[in-house]
Amino acid sequence: MERPAWAPPGIDISVPSVSRMYDFYLGGSHNFEVDREAARKAMEFMPGLPKIMQANRAFMRRAVRHAVDNDVTQFLDIGSGIPTFGNVHEVARAADPAARVVYVDHDPVAVAHSRAVLEGVEGTAVVSADLRKPADILSSPEVTRLLDPERPVALLLVAVLHFLEDHDRPYEAVAELIDALAPGSFLILTHASYEGIPSLEEQAGGTVGVYRNISNPLVMRSGAEVVRFFEGTELIEPGLVPLPVWRPESPVEEEDPHTFSGLAGVGRKA
């Protein structure tokens, strides 16, 4: 397999990556054939996966604008993936040019490409770190340099927590992050769930199996389980809802049925 010039040395391009599969769903070009093959296999069971990922991105943009509208201009995006058009810093800085954004991911391709895209962009930084180790993120030079801990921060955990199994202690990791945030901070979160999927759960389970087979288990949590991540914050209206339903900017009835296959919510720390 030929290694693309943009691929960082040392990574195994024969193993699929969830962030590069996400890039493929969004129509990006920073993915390998092994990622595309796994993504196409997952789409055999859930053909609406690209629509779900687009709905995730659309929710993220609405939530970021909401944060800026409420005077929050610091953003910590964990599990940020590979930057595509309309990413957090573009949306935030369009609303407030002084906004600061730190992206965090543990995929080498996502980190390398993020650094290339953000080179020379003031008020942004990229951290190579793992959500399962919040202390490493919070103490990183990039976070301590760009984000003022005395001021509110919008913490984004978009389409990432469903890749952490319970033994990874995801609730504890999120609680540690929230505890470190100043009052007035936001938690912006999406999560995969069987609730709302316009197909049989057994069929959707085929997609879960694809991710399990590439050693990236996809954990489908219920609404009640996802709400637990918001402990320490107050869910703002309309609460935890399907992706297109959170403060929509276009008629919800026009959305693809598959976009209702994920849950989204925003909480604010008192």
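Summary table below
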{"quantity": "Among residues of region 144-183, those that are under 20 Å from residue 91 (Cβ atoms) and assigned to a helix (DSSP H, G or I), counted", "calculated": "1"}
{"quantity": "Cβ-Cβ under 9 Å pairs, at least 6 apart or on other chains, region 61-79 side over 25 Å from residue 23 (Cα atoms) and among the polar types (S, T, N, Q), far side open to solvent by 30 Å² or more (accessible area, probe 1.4 Å) and in a loop (DSSP other than H, G, I, E, B)", "calculated": "70/152; 73/96; 73/98; 73/151; 73/152"}
{"quantity": "Output for region 43-60, where each listed residue is charged (D, E, K, R) and either open to solvent by less than 10 Å² (accessible area, probe 1.4 Å) or under 27 Å from residue 98 (Cα atoms) (or both)", "calculated": "57"}
{"quantity": "Residue ID - farthest from residue 170 (Cα to Cα), chosen from residues in region 207-224 that are at pLDDT 90 or above and surrounded by fewer than 16 Cβ atoms within 10 Å (Cβ to Cβ)", "calculated": "209"}
{"quantity": "In region 98-138, the residues that are within 23 Å of residue 172 (Cβ to Cβ), outside any helix (DSSP H, G or I), open to solvent by 70 Å² or more (accessible area, probe 1.4 Å) and out of contact with any Lys or Arg (no Cβ under 8 Å at 6 or more places or on another chain)", "calculated": "106, 128, 133"}
{"quantity": "Meets criteria (within 24 Å of residue 154 (Cβ to Cβ) and of a type outside the set (Lys, Arg)) for residue 239", "calculated": "yes"}
{"quantity": "Test for residue 250: is it open to solvent by 50 Å² or more (accessible area, probe 1.4 Å), of a type in the set (Ser, Thr, Tyr) and on the phi > 0 side of the Ramachandran plot", "calculated": "no"}
{"quantity": "All positions within region 61-72 that are touching a helix residue (DSSP H, G or I) at 6+ places or on another chain (Cβ under 7 Å) and open to solvent by 10 Å² or more (accessible area, probe 1.4 Å)", "calculated": "61, 65, 68"}
{"quantity": "Any hit, region 78-86, residues being in contact with a strand residue (DSSP E or B) (Cβ under 7 Å, 6 or more places away or on another chain) and open to solvent by 20 Å² or more (accessible area, probe 1.4 Å)", "calculated": "yes"}
{"quantity": "Some residue of region 193-206 being in contact with a strand residue (DSSP E or B) (Cβ under 8 Å, 6 or more places away or on another chain), under 23 Å from residue 246 (Cβ atoms) and open to solvent by less than 30 Å² (accessible area, probe 1.4 Å)", "calculated": "yes"}
{"quantity": "Wholly within region 24-97, helices (runs of 4 or more DSSP H) carrying at least 3 residues that are within 21 Å of residue 182 (Cα to Cα)", "calculated": "49-69, 88-95"}
{"quantity": "Boolean, residue 109 is touching a residue at least 40 places away in the same chain (Cβ under 8 Å), in contact with a strand residue (DSSP E or B) (Cβ under 8 Å, 6 or more places away or on another chain) and on the phi < 0 side of the Ramachandran plot", "calculated": "no"}
{"quantity": "Complete set of residues in region 81-104 that are within 20 Å of residue 162 (Cα to Cα) and at pLDDT 95 or above", "calculated": "103, 104"}
{"quantity": "Residue in region 130-152 that is touching a residue at least 12 places away in the same chain (Cβ under 8 Å), closer than 21 Å to residue 71 by Cα and within 17 Å of the chain's Cα centre (by Cα) present", "calculated": "no"}
{"quantity": "Which listed residue is in contact (Cβ under 8 Å) with a residue 40 or more places away in the chain, assigned to a helix (DSSP H, G or I) and among the charged types (D, E, K, R), from 212, 228", "calculated": "228"}
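Condition check ((1) of a type in the set (D, E, K, R); (2) within 26 Å of residue 135 (Cα to Cα)) across all residues:
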position	(1), (2)
177	no, yes
193	no, no
198	no, no
207	no, no
228	yes, yes
260	no, no
269	yes, yes
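The values are calculated or read from the model by the stated rules, or taken from the named source; none is laboratory data. In this text the structure is predicted, and so the values were computed from the model without any measurement. Methodologically, a virtual Cβ is constructed for each residue, glycine included, from the backbone with ideal geometry; neighbour enumeration extends over all protein chains shown. Accessible surface areas use protein heavy atoms only, side chains included; no ligands, DNA or RNA. Shrake-Rupley method; radii C 1.70, N 1.55, O 1.52, S 1.80 Å.
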